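Right, one structure below, let's go through it.
The values are calculated or read from the model by the stated rules, or taken from the named source; none is laboratory data. As the structure is a computational prediction, the values presented were derived from the model and not from experiment. Here Cβ is always computed from backbone atoms with ideal geometry, including for glycine, and neighbour counts include all displayed protein chains. SASA here: full protein model, heavy atoms, side chains in, ligands and nucleic acids out. Shrake-Rupley method; radii C 1.70, N 1.55, O 1.52, S 1.80 Å.
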Amino acid sequence: MRYIPNAQDDWEAMLRAIGFEQLEDLATVLPESLRLKKPLDLPLPLSEMELVEHLRLLSEQGTGGKRMVSFLGAGAYDHFIPAVVDHVLRRPEFYTAYTPYQPEISQGTLQAIFEFQTLICQLTGMEVANASMYDGASAVAEAVLMAQRIKGRKRCLLSRAVHPEYRRVTSTYTHPLDMRLSEIPFTGEGITDLEVLKRVLNEDTSAVVIQQPNFFGCLEDLEEVTRIAHARNALIIVAVAEPLSLALLQPPGHLGADIVVGEGQSFGNALNFGGPYVGFFASRENFLRSMPGRLVGETVDQKGRRGFVLAISTREQHIRREKATSNICTNQALCALAVLVYLSTMGKQGLRELAEINLSKCEYAKMRLAEITRLRFSAPTFNEFVITVEGDLQGILRKLLHEGLIAGLALGRFYPEMKKEVLVCVTEKHSREEVDRLAEVLGKICGRQGERGMAR
Amino acid sequence: MNFPKELKYTKDHEWARVEDAFAVVGITDYAQNKLGSIVFVELPSTGKSFQKGKTLVTVDSVKAVAEVYAPVSGQVEAVNELLAEQPEMINRDPYGQGWMVRLKMIDSPELDGLLSAEAYEAFVAEEEAKG
Amino acid sequence: MKEEWPGECGLVLNEPLIFERGARGRKGYSLPSLDVERVSPKKVWPEKWIRKDLDGFPEMSEVEVVRHFTHLSQWNYGVDSGFYPLGSCTMKYNPKVNEEVARLPGFVAAHPYRPEEISQGALGLMSDLERFLAEISGLDRVTLQPSAGAQGELTGMLMIRAYLADRGNPRGKVLVPDTAHGTNPASSALCGYQVVQVKSNERGVLSPQAVEEKMDEEVAALMVTNPNTLGLFEENICQLVEIVHQKGGLVYCDGANLNALLGLAKIGEMGVDVLHFNLHKTFSTPHGGGGPGAGPVGVKAHLADYLPVPAIVRDGERLRLDYDRPKSIGQVRSFYGNFAVLVRAYAYILSLGAEGLKRASLVALLNANYIRAGLKDRYYLPYDVPCMHECVFSDRLQNKYGVTALDIAKRLMDYGFHPPTIYFPLVVHGALMIEPTESEAKETLDQFIEAMVQIAREAETEPGLVREAPHKTKVSRLDEVLANRKPKLRWKP
């Protein structure tokens, strides 16, 4: 019981001091009928050595520890994480600390959050950002709820090119609140159909949600969408699943976005089978009081020294309770710290250079794969794109897996009309050789099936 | 503690100053003292109508939010813009520059239901004794 | 006996913001050279979409980055620093081997969309964890998706709503005790419910009459926390469940205080329909300064259809992710949950086993009662009965010297302890909610008790010392009024 310091001698002294006889007697506050008569049916405890071995085997199950080359993206991006990040995260004063409600002994966490909030503002071009949300999907959902609070209108439009899980989560959150969500289709070019948007947008709409780059990796015309939304007095919410793109793209804030949310996982947070990730949430200053989540503000102490505190907490659940702007309490602070350390390490030059590397590698992959399959969309992209593969797609993907290759995400599960399509992501972690290998093996497999992809 | 004689009061610590068909509303010295330093005030938009007893204004201190209820039914004719920049005016001058909303009254007899300065002072003394 | 308090001395270094550090041209990064042709954005994107500059971003060397964050960390206090008795937070020790196994490359590099056949290990871990949590709580099925307790509450309430809607009427109200955590009413409101408060009785618990009075066919659920935020077992729970069930409502239990019950009682056996767990409380995963946590939800069989997608199901030899669940409430977050947090909780349960978990709860009860006994002569104890894993005092006795719970909390920092939770639960005026957890040795508890006793003495003899505390921290009390009146929420270039 190495996590429980008090041993028998200690208990006996303590029990005596408080008038109990045995340790078990402390459970007598529980009604007799509810007290468990037999132990929990759980595996026998493992020693540290056995535990590590057991988990190591689990972690390698299926791959046998062999490294797969994966071209998966779709909202979770495989970027290289410098050693500094984990080194900082492992400082016990960061990871074993609680929410900074006692600011005098939490200045580390508070200043870090303040720096994070600032960087998110810089990145998105927005005026204020919060301390983090759970992930990109729930950030979008909360943005939609916030827009509804601000505008008082029940309808919200989401582009179908927004990540399908973001849309599903938004639907889950808005369902009990009697809000109506409608989808805007995408065009053959791979971007949101603005003609339909113009037609469908009405006075009952509180916001339009668009993703940049969108789920297919395509770049949307943010300026135009914003113009359309604002012309009808609706808010524009921009979701960013791959924030690395913001190193090279005009920030949505400079194009008139009202709320910018997204997924910070690309910065310093590993794939970790889907979580923990970190949502970011930024908005215009005049919407501040409607924002969900924690906010850290700068102030001074009694001696005039700079310090940081949680601010504007009256929006939050622990004070406002049922009238709070959200129910969020614990968020993703340590993951936000990882984002901060990563961005501090990369800095302005490193981030732009990295983004260019991603863009270049992806353009190379597009060129190679266009030789054996078809590029589905013509709109410009960042580090993801969609290919159309002729033949038995599931069979082809299985064969690729056998060769240690994961080509990308088959889109049929989210878009029934896209059963032949695969979303391919390329980052700085993919070498030219790996891209070439994907093209070669895929070419061989497709060729073997006697159905050549039409090279354009 | 200050209880200006010419005002009317409620048990929720609002005051009302009657000016012909209008009622100017705010919170009492007792209320501002209990709330502590006020950091933010959310005022209603002009033109909006409120029933007596409905939440007219919310007032934030650092750690709490208080609702200010309409002492009479009415339509908002004006709000005190000063409070956006200086919410602390409510602490400093709750009956003067800390006024919140000017309502055009709908149902004057409602005024009869309000407390006089003496009655309110007595009520506050009771509340304090209960502690 | 003159003791040396942990808080006596300090080596606390100053550190500016990252934006005030670094200089042009400094580099902290290392990137490989491009092995393909460089494509600059203007080659492939419309010019007007291209960003000119990333201003306001720092340029720092790795040395500066490391020193910056090392300094910041030294201003913090964590469980590894010392005693952290925050009530209802269960700040127990975070085992280090859990940090190791969560970082296994096979887990870290796993993309959530990768083929299920190579994710059997991860799915197996999740499936086992679901089973462990079900066994521990006495509920039937578990989802690991919610990212935190509050999200778990939302999930649970959404399921209750879906269940009732399926039966013709989602209903409009939820009963929430006056001792509830703020997330309870907030989560209910997010589900479109009107919150009705139920007052606890003079014993600090919910009485059947109080619930009966408010229970009708428009009430969807009663939300309880058991033990409650006063550290007391809701002794009438079985009756309360009866009353609610009789009128067709369901009972939701906030599992934040589960550390009092491991191996001692099962929430499911009390008749509760839905329960959320806080892995970052009961199951030792680190708090991280405010997350990430995890808030799995357990349900009885009749609610299983409404669980979020995907569910992990067994298909012969294999585990797979099942999205084909027409009655599911949907998804509350992307992908499957905070997996790396789940790994830590899983490792914790495997390290302790049934005996260890039971021991943890018993010692947690012991430690809390020991503190209760040690302080009741100096601090006012509103409910003078044996508590469970936490005890709640009030600042009433110190008020007469002008000293409040806030002052006591701040003065504790000078002694080298993190303060307990203050001003919660709301039913106790000037509350001090103390939860030591099982991770503390007797000497630590003795030291804490001694510190509190001294502070009580200081309140009488030198109240100024307490009211002006803390004196030894990097910053003294901060001007929160200023922070709120003139919010400055970012640095500006």
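Is there a residue in the stretch A:36-43 that is open to solvent by less than 50 Å² (accessible area, probe 1.4 Å), more than 7 Å from every other protein chain (Cβ to nearest Cβ) and either over 30 Å from C:Glu135 (Cβ atoms) or out of contact with any Leu (no Cβ under 7 Å at 6 or more places or on another chain) (or both)? The answer is no; no qualifying residue exists.
How many residues, within the stretch C:389-406, are open to solvent by less than 10 Å² (accessible area, probe 1.4 Å) and of a type in the set (D, E, K, R)? Number satisfying all stated conditions: 2.
Scan the stretch C:217-232 and tell me whether some residue there is assigned to a loop (DSSP other than H, G, I, E, B), in contact with a Leu (Cβ under 7 Å, 6 or more places away or on another chain) and modelled with pLDDT of 95 or more. No, the stretch C:217-232 contains no residue that is assigned to a loop (DSSP other than H, G, I, E, B), in contact with a Leu (Cβ under 7 Å, 6 or more places away or on another chain) and modelled with pLDDT of 95 or more. Checking each residue in the stretch C:367-380 for being crowded, with 20+ Cβ neighbours inside 10 Å and either more than 9 Å from chain A (Cβ to nearest Cβ) or in contact with a strand residue (DSSP E or B) (Cβ under 9 Å, 6 or more places away or on another chain) (or both) picks out C:Ala368, C:Asn369, C:Ile371, C:Arg372, C:Leu375, C:Tyr379. Against the test of being open to solvent by 10 Å² or more (accessible area, probe 1.4 Å), facing another protein chain (nearest Cβ under 10 Å) and either of a type in the set (Gly, Ala, Ser) or in contact with a strand residue (DSSP E or B) (Cβ under 8 Å, 6 or more places away or on another chain) (or both), the options A:Ser182, A:Ser171, A:Ser138 yield a single qualifying residue, A:Ser171. Looking at (1) at pLDDT 95 or above; (2) open to solvent by 10 Å² or more (accessible area, probe 1.4 Å), which one does A:Gly152 not meet, given that it meets all the others? Unmet for A:Gly152, out of (1) at pLDDT 95 or above; (2) open to solvent by 10 Å² or more (accessible area, probe 1.4 Å): (1).
Each residue in the stretch C:42-87 was checked for being surrounded by fewer than 16 Cβ atoms within 10 Å (Cβ to Cβ) and outside any helix (DSSP H, G or I), and 5 pass. Note on the stretch B:38-77: among residues that are hydroxyl-bearing (Ser, Thr, Tyr) and within 24 Å of B:Tyr120 (Cα to Cα), the one that is farthest from the other protein chains (Cβ to nearest Cβ) is B:Ser73.
Just for the stretch A:73-97: of the residues that are within 7 Å of chain C (Cβ to nearest Cβ) and touching a strand residue (DSSP E or B) at 6+ places or on another chain (Cβ under 6 Å), which one is surrounded by the fewest Cβ atoms within 10 Å (Cβ to Cβ)? Ranking the qualifying residues of the stretch A:73-97, first place goes to A:Glu93.
Residues in the stretch C:185-233 that are in contact with a Lys or Arg (Cβ under 9 Å, 6 or more places away or on another chain) and either of a type in the set (Lys, Arg) or outside the structural domain of C:Met270 (by TED's automatic domain parsing) (or both): C:Lys214 alone. Residue by residue through the stretch A:134-151, note down the ones that are of a type outside the set (Val, Ile, Thr), assigned to a helix (DSSP H, G or I) and touching a helix residue (DSSP H, G or I) at 6+ places or on another chain (Cβ under 7 Å). The answer is A:Gly136, A:Ala137, A:Ser138, A:Ala141, A:Leu145, A:Met146, A:Arg149. Residues in the stretch A:389-414 that are under 16 Å from A:Arg374 (Cβ atoms) and under 21 Å from the mean Cα position of the chain (by Cα): 3 in all.
Against the list (1) away from chain B (no Cβ under 14 Å); (2) touching a residue at least 12 places away in the same chain (Cβ under 8 Å); (3) not in a loop (DSSP other than H, G, I, E, B), the condition C:Val428 fails is (3). Within the stretch C:331-351, can you find the residues that are open to solvent by 10 Å² or more (accessible area, probe 1.4 Å), touching a Ser or Thr at 6+ places or on another chain (Cβ under 9 Å) and at the interface with chain A (Cβ under 7 Å from one of its Cβ atoms)? Within the stretch C:331-351, C:Ser351 is the sole residue that qualifies.
Of the residues that make up the stretch A:54-66, is at least one open to solvent by 10 Å² or more (accessible area, probe 1.4 Å), in contact (Cβ under 8 Å) with a residue 24 or more places away in the chain and either out of contact with any helix residue (DSSP H, G or I) (no Cβ under 6 Å at 6 or more places or on another chain) or basic (Lys, Arg) (or both)? The answer is yes, given that some residue of the stretch A:54-66 is open to solvent by 10 Å² or more (accessible area, probe 1.4 Å), in contact (Cβ under 8 Å) with a residue 24 or more places away in the chain and either out of contact with any helix residue (DSSP H, G or I) (no Cβ under 6 Å at 6 or more places or on another chain) or basic (Lys, Arg) (or both). Of the residues examined, C:Ala189 is not one that is buried (at least 20 other Cβ atoms within 10 Å of the Cβ) and either aromatic (Phe, Trp, Tyr) or not in a helix (DSSP H, G or I) (or both). For first residues located in the stretch A:1-28 and farther than 24 Å from C:Glu234 by Cα, partners that are among the aromatic types (Phe, Trp, Tyr) and lie 6+ apart or on another chain with Cβ distances below 7 Å form the pairs A:Tyr3/C:Tyr93; A:Met14/C:Tyr370; A:Ala17/C:Tyr370. Within the option set A:Ser344, A:Ser360, being open to solvent by less than 30 Å² (accessible area, probe 1.4 Å), small (Gly, Ala, Ser) and closer than 30 Å to A:Ile113 by Cβ holds for one residue only, A:Ser344. A:Arg227: touching a Cys at 6+ places or on another chain (Cβ under 8 Å) and not hydrophobic (A, V, I, L, M, F, W, C), yes or no? No, not satisfied. For the stretch C:264-279, the condition of being in the same structural domain as C:Val211 (by TED's automatic domain parsing), acidic (Asp, Glu) and buried (at least 22 other Cβ atoms within 10 Å of the Cβ) holds for at least one residue. Scanning the stretch A:371-402 for residues that are within 23 Å of C:Asp35 (Cα to Cα), open to solvent by 20 Å² or more (accessible area, probe 1.4 Å) and more than 10 Å from chain C (Cβ to nearest Cβ) yields A:Glu371, A:Ile372, A:Leu375.
The number of residues in the stretch C:43-75 that are more than 16 Å from A:His87 (Cβ to Cβ), at the interface with another protein chain (Cβ under 7 Å from one of its Cβ atoms) and touching an Asp or Glu at 6+ places or on another chain (Cβ under 9 Å) comes to 4.
For (1) modelled with pLDDT of 95 or more; (2) closer than 30 Å to A:Arg437 by Cβ; (3) in a loop (DSSP other than H, G, I, E, B); (4) not assigned by TED's automatic domain parsing to the domain that holds A:Phe215, each residue gets a yes or a no:
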{"position": "A:Glu50", "(1), (2), (3), (4)": "yes, no, no, yes"}
{"position": "A:His54", "(1), (2), (3), (4)": "yes, no, no, yes"}
{"position": "A:Gly75", "(1), (2), (3), (4)": "yes, yes, yes, yes"}
{"position": "A:Val88", "(1), (2), (3), (4)": "yes, no, no, no"}
{"position": "A:Leu110", "(1), (2), (3), (4)": "yes, no, no, no"}
{"position": "A:Ile120", "(1), (2), (3), (4)": "yes, no, no, no"}
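Consider the stretch C:295-330 and keep the residues that are among the hydroxyl-bearing types (Ser, Thr, Tyr) and more than 25 Å from A:Val278 (Cβ to Cβ). The one that is least open to solvent (accessible area, probe 1.4 Å) is C:Tyr306. Restricting A:Arg321, A:Arg352 to residues that are surrounded by 23 or more Cβ atoms within 10 Å (Cβ to Cβ), within 7 Å of chain C (Cβ to nearest Cβ) and of a type in the set (D, E, K, R) narrows the list to A:Arg321.
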